[in-house]
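S.K.: This is the structure I have questions about; it appears just below.
The values are calculated or read from the model by the stated rules, or taken from the named source; none is laboratory data. Remember, predicted model here, so these are calculated numbers, not experimental data. For neighbour counting, all protein chains shown are included, and Cβ atoms are generated from backbone atoms with ideal geometry for every residue, glycine included.
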Amino acid sequence: MSNEGVTVLQTFRDAMIGLPLSHVWRGGGSAIFLQFGRLTPRTRHSGEAGNPTGELGLMIQWSWRIENTASILCGSWSEEHLWAPAFDLLRNKVVVDLSVVGRLPEIVIALTEGLYVSSFMTAEGDPQWAVFDRRDSALRTLSVKQGILKLDVGPSPLL
């Protein structure tokens, strides 16, 4: 990983450690969204309440798993009835580490009580995850593009 990639990852890591996993929800298909820290309510275009967003968030589009210290509890290819109980285990646990592993960066979030959320892409292309930092007026997004960590900065959609 480049020095720039290490620096960017460390910035997100420092911001996320110590935050609780406040909300987790399933998106389309097997996508999951984890929201950390203080939650902000969202309203859909239809006027209905949407899922809240955290100060920081993680999206894994597909190929993910939830682990404890001894086994895989469930993953994107598991029976869907296993997902909700695993999501319940994650809620309110505190982030103790954020790291990337592998030649093509896959993300790992370590939580209290020995729980982990990991991405692991199994199709062609880049790993399909992104971390969002919504704490300022600019939305900062960390993801993988062409096999390397990429930081994008843009206006926050919440302001």
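S.K.: Residue under question is Asp133, and the condition is that it be among the acidic types (Asp, Glu), within 12 Å of the chain's Cα centre (by Cα) and within 20 Å of Gly37 (Cα to Cα); does it hold?
M.R.: Yes, satisfied.
S.K.: A further question follows. Regarding segment 132-151, can at least one residue be identified that is modelled with pLDDT under 95, among the aromatic types (Phe, Trp, Tyr) and in contact with a Ser or Thr (Cβ under 7 Å, 6 or more places away or on another chain)?
M.R.: No.
S.K.: With the checklist (1) charged (D, E, K, R); (2) closer than 17 Å to Trp129 by Cβ; (3) in a loop (DSSP other than H, G, I, E, B) in hand, flag the one item Arg38 doesn't pass.
M.R.: With (1) charged (D, E, K, R); (2) closer than 17 Å to Trp129 by Cβ; (3) in a loop (DSSP other than H, G, I, E, B) applied to Arg38, the lone miss is (2).
S.K.: Against the condition under 12 Å from the mean Cα position of the chain (by Cα) and either outside any loop (DSSP other than H, G, I, E, B) or closer than 23 Å to Pro105 by Cβ (or both), how does Leu9 come out, does it pass? First the steps, then the outcome.
M.R.: Values: under 12 Å from the mean Cα position of the chain (by Cα): no; either outside any loop (DSSP other than H, G, I, E, B) or closer than 23 Å to Pro105 by Cβ (or both): yes.
So Leu9 fails the test.
S.K.: For segment 102-138, which residues satisfy the criterion of being in a strand (DSSP E or B), in contact (Cβ under 8 Å) with a residue 24 or more places away in the chain and not aromatic (Phe, Trp, Tyr)? Spell out how you get there, then give the answer.
M.R.: Keep residues of segment 102-138 that are in a strand (DSSP E or B), which gives 106-111, 115-119, 129-133, 138.
In the following step, the residues that additionally are in contact (Cβ under 8 Å) with a residue 24 or more places away in the chain were identified as 107, 109, 111, 115-119, 129-133.
If the condition is that a residue be in a strand (DSSP E or B), in contact (Cβ under 8 Å) with a residue 24 or more places away in the chain and not aromatic (Phe, Trp, Tyr), then Ile107, Ile109, Leu111, Leu115, Val117, Ser118, Ser119, Ala130, Val131, Asp133 are the ones that fit.
S.K.: Does segment 84-109 hold any residues that are buried (at least 18 other Cβ atoms within 10 Å of the Cβ), aliphatic (A, V, I, L, M) and under 22 Å from Leu151 (Cβ atoms), and which are they?
M.R.: Val95, Leu98, Val100, Ile107, Ile109
S.K.: Run Met121 past the list (1) in contact with a Leu (Cβ under 8 Å, 6 or more places away or on another chain); (2) more than 22 Å from Val153 (Cα to Cα); (3) at pLDDT 95 or above and report the number of the one that doesn't hold.
M.R.: Checking Met121 against (1) in contact with a Leu (Cβ under 8 Å, 6 or more places away or on another chain); (2) more than 22 Å from Val153 (Cα to Cα); (3) at pLDDT 95 or above, the one that fails is (3).
S.K.: Now for a different question. Does any residue of segment 74-91 turn out to be under 20 Å from Ser22 (Cα atoms), in contact with a helix residue (DSSP H, G or I) (Cβ under 8 Å, 6 or more places away or on another chain) and touching a residue at least 40 places away in the same chain (Cβ under 8 Å)?
M.R.: Scanning segment 74-91, I find no residue that is under 20 Å from Ser22 (Cα atoms), in contact with a helix residue (DSSP H, G or I) (Cβ under 8 Å, 6 or more places away or on another chain) and touching a residue at least 40 places away in the same chain (Cβ under 8 Å), so the answer is no.
S.K.: Out of all the residues in segment 37-48, is one or more farther than 17 Å from Leu139 by Cβ, touching a residue at least 12 places away in the same chain (Cβ under 8 Å) and more than 14 Å from the chain's Cα centre (by Cα)?
M.R.: no
S.K.: So, in segment 116-159, how many residues would count as being closer than 16 Å to Val101 by Cα and among the acidic types (Asp, Glu)?
M.R.: The qualifying residues number 1.
S.K.: Hey, Arg65 hits all of (1) farther than 17 Å from Asp133 by Cα; (2) modelled with pLDDT of 95 or more; (3) of a type outside the set (A, V, I, L, M, F, W, C); (4) more than 12 Å from the chain's Cα centre (by Cα) but one; which does it fall short on?
M.R.: Evaluating Arg65 over (1) farther than 17 Å from Asp133 by Cα; (2) modelled with pLDDT of 95 or more; (3) of a type outside the set (A, V, I, L, M, F, W, C); (4) more than 12 Å from the chain's Cα centre (by Cα) leaves (4) as the failure.
S.K.: For segment 46-79, give me each residue that is crowded, with 16+ Cβ neighbours inside 10 Å, of a type in the set (Gly, Ala, Ser) and not in a loop (DSSP other than H, G, I, E, B).
M.R.: If the condition is that a residue be crowded, with 16+ Cβ neighbours inside 10 Å, of a type in the set (Gly, Ala, Ser) and not in a loop (DSSP other than H, G, I, E, B), then Gly57, Gly75 are the ones that fit.
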